[in-house]
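Every number here is computed from the coordinates shown, using simple stated rules; none is lab data. All values derive from a computational prediction rather than experimental measurement. Glycine also receives a Cβ, built like all others from the backbone with ideal geometry; neighbour counts cover every protein chain displayed.
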Amino acid sequence: MQLHPAAAILGVTSAALLVAAGTLAVAADPSRPVTAAQVRIRHSQFAPDELIVPAGVPVTITIVNDDPIDHEWIVGDEALHARHRSGSEPVHDTRPTEVTLPALSTRTTTVRFAAPGEYRFVCHLPGHEGYGMTGIVRVVAG
């Protein structure tokens with residue numbers, strides 16, 4: 001059976017709209033925990049600046065640095081952030097919760113948060129935290 005060209009285009013367009021609508025529905029519900037997310041850095045700001053993830057499950061986070069300067073994405077408790085404020089570790093490549101992002105680069109990390117709670121993510125390069133380069137990961141019971 002052959003479809004009229006207009007019917008074929010309508011079918012493809014309808015399917016594309018349904019896929020897009022499903023994608024938008026998931027993205028439009030920020031209260032829903034995710035196991036994969038993208039965080040973009042633009043003008044020294046994280047977007048989104050809040051993620052909700054399930055406890056005990058691997059979460060893949062892709063961080064995209066759209067800025068022409070380096071940044072970092074460090075997530076953890078306040079003790080971890082206090083240690084990083086001293087600037088004693090200039091590059092982070094071995095811990096999934098501590099990622100260095102050269103200018104105009106993308107990095108992917110997978111993190112498993114064991115317990116529910118709130119963990120801040122911060123860029124600790126000089127002045128960036130003070131500029132507001134922070135966010136929250138809310139870990140909820142799975």
Gain in span if fully extended, residue 82 to residue 47, counting 0.36 nm per residue against the direct Cα distance: 10.3 nm
Projected label distance in nm at residue 108 and residue 95, using a 7 Å step from Cα toward the beta-carbon: 2.3
All Cα pairs of the range 50-142, percent lying beyond 24 Å: 16
Net charge over other residues, Cβ less than 9 angstrom from the Cβ of residue 134 (K, R count +1; D, E count -1): -1
Long-range HN-HN contacts of residue 137 with modeled amide H, under 5 Å: 51, 119, 120, 121
